[in-house]
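Okay, so here's the structure we're looking at.
Just so it is clear, none of the values below were taken in a lab; they were calculated from the coordinates. Given the structure is predicted, the values throughout are model-derived calculations rather than measurements.
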Amino acid sequence: MVGKVISAVISKFKLVCFVCDGAFENNAAIEMISQLNMCLISKLRNNSTLYFNFTGEYSGKGRSAIYAERIDYKKFPSQYLMSTKTECNVPKLFYQIAACHKKIQDSLNIVIVHKENLTTGKCANVISFCTD
């Protein structure tokens, strides 16, 4: 159904990205959008298990490694911090990284917004991704 709607819209406009809610955080949706030559921008669950891309050398045995260590949202490396912003006593830290998700075939461009309320001490993460 999405393909039919997009095909009708493509005849009038040049579409580059498809933006949708977190229901499209699966490999089938990503493949469908990529077949239409578009990238998908969507949201992941705030507790999604993400892994750093493996950058080490091939050991010479078996399949090449894909995943490195798991991303810990409480101790996110500062080298990926892109910007900070504070609103109403709540600092927001914006991180960007290329990472892997075990249910999605390709590497994803991930943006994590980490929010921490300084008065209550509660933390929250908003995780968005792009297939571009």
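Normalised by the number of residues in the chain, the average gap of Cα pairs under 8 Å and 6 or more apart makes the relative contact order 23 percent. Under 28 Å Cα-Cα from residue 85, which lysines qualify once same-chain neighbours fewer than 8 residues away are excluded? Answer for residue 85, where 28 Å is the Cα cut-off: 43, 74, 75, 115, 122, listed by chain and number. Listed by chain and number, the aspartates and glutamates whose C-alpha is less than 17 Å from the C-alpha of residue 102, apart from same-chain residues fewer than 8 away, are 25, 31, 69, 72.
Using every Cα-Cα pair within the chain, state what percent have a distance larger than 25 Å.
Working: 3323 of 8646 pairs.
Result: 38 percent of Cα pairs exceed 25 Å.
Computed over the chain, the per-residue total of -39500 (n - 2.57) for DSSP H runs of n ≥ 4 gives a 222 nm mean residue ellipticity of -4000 deg cm²/dmol, rounded to 500.
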